[in-house]
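Below: the structure, in structure tokens.
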Amino acid sequence: MQFQIKPVSPGVIAVSVHDGPSSQVTVSVPLFPATGWIDDQRARLEEVRRLFSG
């Protein structure tokens with residue numbers, strides 16, 4: 001099973017789940033997160049990367 005989150009356009013992300021081994025079905029849903037949510041998540045990711053890089 002594969003789970004993917006990717007930006008589609010400004011302020012819109014797509015969440016996809018792909019069941020490769022079993023049914024080969026992929027379901028994708030566009031999401032419209034609250035203002036600032038994407039920037040907050042990017043900042044959190046940068047902090048995790050900084051902590052793990054030493």
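Before moving on, here are some points about what is shown:
- Put a plus charge on the Cβ of each Lys and Arg, a minus charge on the Cβ of each Asp and Glu, and nothing anywhere else: the dipole of the chain about its Cα centre is then about 120 debye.
- Spherically averaged projected area of the convex hull of Cα atoms, the chain: 4.8 nm².
- Additional length obtainable on full extension of the chain from Arg42 to Ser9, 0.36 nm per residue less Cα span: 10.3 nm
Each reported figure results from applying straightforward, stated rules to the coordinates on display, with no laboratory input. From a predicted model like this one, the values you see are computed outputs, not experimental measurements. Every residue, glycine as well, gets a Cβ built from its backbone with ideal geometry; the counts of neighbours run over all protein chains shown.
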